[in-house]
Amino acid sequence: MANGMTPEQRARQNIAAMLISAGWVIQDVKQLNLSANIGVAVREYPTDSGPADYILFVDKEPAGVIEAKQEADGYKLTTVAEQTGKYATSKLTRG
């Protein structure tokens, strides 16, 4: 673990940087304010399948899911398609 971070923590840090540079506001689910921006990425959002790394909201409506994986997994969609698909079809369980 370089810098005391796990590979998944590094991936989340990289994802957060990319989202911010693209204009998204990133929030923790405990401090959720979907009115903060047109695009809000919420970390660890609970679903009936477990917490998703990020649920993306556009105009307060859920619009996408991002699952953080270590860089060694590469950028292959098939690596995370099943897990991300599970979250995408899950019921969001927070208010």
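Read the figures in this text as sums done on the coordinates, not as results from a lab. Worth saying up front: this structure is predicted, and the values here are computed from it rather than measured. Virtual Cβ from ideal backbone geometry, glycine too; neighbours counted across all protein chains shown.
From most to least packed by mean Cβ count within 10 Å, the peptides 19-31, 39-51 give 39-51, 19-31. Volume of the convex hull of segment 1-66 (Cα atoms only), normalised per residue: 95 Å³.
In this simple spin-label model, placing a label point 7 Å from the Cα along the Cα-to-Cβ direction at both Thr93 and Ala63 gives a separation of 2.7 nm.
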